[in-house]
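Beneath this line is the structure, given in structure tokens, with notes to follow.
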Amino acid sequence: MLARVANNLFWMGRYIERSEHLARYLNVNYFSSLDAPTELSQSRQFVLRSIMYMANNEIVDKDIKLKEEDVLYNVGLNPENQYSIIYSFSCAHENAKSSRDLISTELFESLNRINHSIKGYSPEAFVKNGLYDFTSMITQFTSELRSKIQGTLLHDEIHAIIMLGVYLERALQLTRIINSKCSDYSAEEKLYKNKADTNHQWSTLLKCVASYDMMRRFYKKTPTKITTLEFLILNSECPRSIINCLNQIDKNISILAKTQKITKDSPVFLIGKLKAEFEYKLIDEIDDNIESFISNLITKLVTIGEKLEENYFKISDHSSKTKPVAQEQ
């Protein structure tokens with residue numbers, strides 16, 4: 001397989017996963033504010049800042065008043081913004097086109113149909129009353145695409161490359177969402193002495209990553225900061241936890257690295273080392289310095305992504321037109 005084609009498959013998987021997390025965060029974070037228990041979390045400016053922080057790692061000054069229509073359009077349907085949903089899906093489609101011969105007809109036709117549906121969505125309708133419908137449509141579409149990947153492709157190297165992209169992006173987006181909601185929680189905690197008033201942020205976080213019901217069944221109690229972070233970071237039985245993502249990345253990289261010599265800076269070594277660290281992590285260690293933990297984890301995941309491309313998908317700069325930069329700063 002050409003490195004260029006492998007790179008396209010890798011980024012197709014990443015962009016599909018990115019689209020879902022952006023859509024789900026936009027949907028849940030926006031609508032959960034309507035019945036939030038505190039005045040701050042109900043504030044539209046507070047919600048818009050949270051959305052911008054998650055989508056583009058952008059900290060908006062409190063003195064700047066954000067325009068709701070502009071934020072929603074930029075995150076949802078602005079094709080010029082690298083952090084928008086439509087940009088991510090368009091890149092997934094372009095990468096699929098470039099590797100058309102290696103993916104199934106069912107997968108490509110679904111991607112093609114979905115891309116045309118999204119391109120035809122009215123920006124005016126979206127920012128006025130179409131936010132819920134659009135974001136729900138995206139989460140349904142990405143679920144359909146993952147089903148096509150699992151059910152219509154041989155589980156060989158091609159499948160492993162796509163799933164490497166999916167799980168690496170899932171780990172990155174989950175980390176960014178945790179970071180954003182921890183920031184929201186800290187802002188509320190400074191204003192409200194009763195922590196029960198701010199615990200709704202953990203329910204919102206779980207819903208943003210489609211893990212609320214799983215967590216409630218596992219702990220059988222209302223989410224708190226400790227139980228939520230423990231579940232989303234260290235619970236290997238949760239399909240959307242960080243440690244599960246690392247396990248899946250390790251599983252799929254082993255398919256590609258059967259004959260590769262393992263060195264200390266190889267992606268196989270870095271993934272195995274990070275996975276081993278998480279197997280012996282304690283939630284108390286993470287909670288004591290969550291900001292540092294998140295920063296270090298993002299750095300390590302970005303490094304693994306770069307090493308994967310360097311070792312397996314290295315291509316010339318001019319042939320990587322759909323590769324993103326904004327999300328991995």
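The values are calculated or read from the model by the stated rules, or taken from the named source; none is laboratory data. No experiment lies behind these values; they were computed from the predicted model shown. Every residue, glycine as well, gets a Cβ built from its backbone with ideal geometry; the counts of neighbours run over all protein chains shown. Note: accessible area is taken over every heavy atom of the protein model, side chains too, but ligands, DNA and RNA are not part of it. Shrake-Rupley method; radii C 1.70, N 1.55, O 1.52, S 1.80 Å.
Calculate, for E237 and D265, the FRET efficiency according to 1/(1 + (r/R0)^6) with r their C-beta to C-beta distance and R0 45 Å; round to the nearest 0.05. The formula returns an efficiency of 0.90 here.
Relative contact order for the chain: 25 percent, from Cα pairs under 8 Å spaced at least 6 residues apart, divided by residue count.
Relative contact order of segment 226-318: what whole-number percent is it, with Cα pairs under 8 angstrom and at least 6 residues apart? Walk me through the numbers on the way to the answer.
Numbers: 57 pairs, mean separation 23.1, N = 93.
Computed over segment 226-318, the figure is 25 percent.
Stretching the chain fully between Y121 and S295 yields a gain of 59.1 nm (0.36 nm per residue, less the alpha carbon separation). In terms of packing, defined here as the mean over residues of other Cβ atoms within 10 angstrom, the peptides 275-287, 22-34 line up highest first as 22-34, 275-287. Of the DSSP H helices in the chain, those with a Cα length along their own long axis of 27 Å or more and a mean Kyte-Doolittle hydropathy reaching -0.5 comprise 3-32, 131-152, 157-191, 290-312.
Are there GluC sites (Glu not before Pro) in segment 48-144 that DSSP puts in a loop and that have at most 11 other Cβ atoms within 10 Å, and which ones?
Taking segment 48-144 and a limit of 11 other Cβ atoms within 10 Å, the loop GluC sites (Glu not before Pro) found are E80.
Roughly speaking, what is the centre-to-centre gap between segment 89-138 and segment 1-67 when only Cα atoms are used, to the nearest Å? Using only Cα atoms to place each centre, the spacing works out to 18 Å. The length gained by stretching the chain between Q45 and Q150 to full extension, at 0.36 nm per residue less their Cα-Cα distance, is 33.8 nm.
Rolling a 1.4 Å probe over the protein heavy atoms gives segment 1-143 an accessible area of 43 Å² per residue.
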